[in-house]
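Novice: Structure incoming, see below.
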Amino acid sequence: KAAGVEFEMAGLGYDGFVFLVNKDNPISSLTVEQIQKIYTGQITNWKEVGGEDLNIIPYQREANSGSQNLMEKMVMKGQKMTDTKGTSLEIESMAGLVDTISSQTNSKATIGYSIYVYAKEQYVKDNVKFLGINGVYPSDETITKKQYPLTKVVYAIYRKDEPENSNTRKLVNWLLTSEG
């Protein structure tokens, strides 16, 4: 803004913000309220949400990461998360979070979050499963139809003064077609 730059945004599709647990965790779905209580420290044991008698290990991403920002905006909605700065509960990469839930010694007790497409297609681990939210499981279909409650629009953002024949505009225009 200070430099006088304006942007255009084009909604390209949908993605989901998902919660991950180890496949050995018997929980299949949580409510948004239960997740809020886990991440504020009000719920600390899986038995409080219908699971086993295990202390919940709730992993977070580092401040200002994209997934941490989504967690704060889409899920926490102003509620203060427990402070994990400088602890082993703060993971500095999405891959690190997925790896931790997949293979840590106490992985059955862990929970974390990611972007659906990333955990489904880009960094897949067999020992990780997605949780449903409010009884709706994240899938291509439930996200595309916006049935999954934590669905978000994916945007292409580019300079408004981008020339009409630029590669940027050509790519965005193509992505907005049925082929794209």
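The values are calculated or read from the model by the stated rules, or taken from the named source; none is laboratory data. All of these numbers come straight from a predicted model, not from anything done at the bench. Neighbour counts are summed over all protein chains in view; Cβ atoms, including those assigned to glycine, are modelled from backbone coordinates with ideal geometry. We work out accessible area using only protein heavy atoms, side chains counted, and drop any ligands, DNA or RNA first. Shrake-Rupley method; radii C 1.70, N 1.55, O 1.52, S 1.80 Å.
Novice: Rounded to whole Hz and in sequence order, give me ³J(HN,Hα) for the stretch 160-174 from the Karplus expression 6.51 cos²θ - 1.76 cosθ + 1.60, θ = phi - 60°, writing x for Gly and Pro.
Specialist: Along the stretch 160-174, the couplings run 5, 8, 4, x, 4, 9, 5, 4, 4, 5, 4, 5, 4, 4, 5 Hz.
Novice: Using a 1.4 angstrom probe with every protein chain in place, what is the largest-first accessible-area order of Val32, Val153?
Specialist: Val153, Val32
Novice: How big is the charge dipole of the stretch 90-172 about its Cα centre, in debye rounded to the nearest 20, if each Lys and Arg gets +1 on its Cβ and each Asp and Glu gets -1 on its Cβ?
Specialist: Here the size comes out at about 260 debye.
Novice: Hey, what did the stretch 32-158 get for relative contact order, percent, Cα under 8 Å, at least 6 apart?
Specialist: 21 percent
Novice: If you don't mind, there's one more thing I want to ask. Which of the pairs Lys1/Lys170; Lys1/Lys146; Lys1/Lys129 have their Cα atoms more than 30 Å apart in this structure?
Specialist: Lys1/Lys146; Lys1/Lys129
Novice: Next question, about the same structure. Using amide H atoms built 1.01 Å from N in the peptide plane, name the residues 5+ places from Ser29, or on other chains, whose amide H lies under 5 Å from its own.
Specialist: Gly132
Novice: Show the residues, 5+ positions off or on another chain, whose built amide H is closer than 5 Å to the amide H of Leu12.
Specialist: So Leu12 has HN proximity to Val154, Tyr155, Ala156.
Novice: Would you please give the residues with an amide H less than 5 Å from that of Asn45, counting only those at least 5 places away or on a separate chain, with H modeled from the backbone geometry?
Specialist: Placed amide hydrogens put Ile56 under 5 Å from Asn45.
Novice: With P(r) over Cα pairs in 10 Å bins from 0, in percent in mind, check (1) 9, 33, 32, 16, 8, 1, 0; (2) 9, 34, 37, 17, 2, 0; (3) 11, 42, 34, 12, 1 and report the label derived from this structure.
Specialist: Matching the structure shown: (1).
Novice: To the nearest 500 deg cm²/dmol, what mean residue ellipticity at 222 nm is calculated for the chain from DSSP H runs of n ≥ 4 alone, each contributing -39,500 (n - 2.57), summed and divided by the residues?
Specialist: -5500 deg cm²/dmol
Novice: Under a 1.4 Å probe, what is the accessible area of the stretch 1-151 per residue, stated in Å²?
Specialist: The answer is 52 Å² per residue.
Novice: For the chain, give the percent of accessible area contributed by carbon and sulfur heavy atoms, probe 1.4 Å, rounded to a whole number.
Specialist: With neighbouring chains kept in place, the figure for the chain is 48 percent.
Novice: Please list 3J(HN,Hα) in residue order for the stretch 2-14, calculated via the Karplus relation 6.51 cos²θ - 1.76 cosθ + 1.60 where θ = phi - 60°; whole Hz, with x for glycine and proline.
Specialist: In residue order, the calculated couplings are 4, 8, x, 8, 10, 10, 10, 10, 10, x, 9, x, 10 Hz.
Novice: So if each residue of separation counts as 0.36 nm, and I subtract the Cα-Cα distance between Trp174 and Asp126, what length gain in nm does that give?
Specialist: Difference between extended and current length: 13.9 nm.
Novice: First select every other residue whose beta carbon is under 15 angstrom from the beta carbon of Val32; then total the charges, Lys and Arg +1, Asp and Glu -1.
Specialist: Computed value for this residue: +2.
Novice: Could you check the spin-label model distance between Asp83 and Leu54? Points 7 Å from the Cα along Cα→Cβ, value in nm.
Specialist: Calculated label separation equals 2.9 nm.
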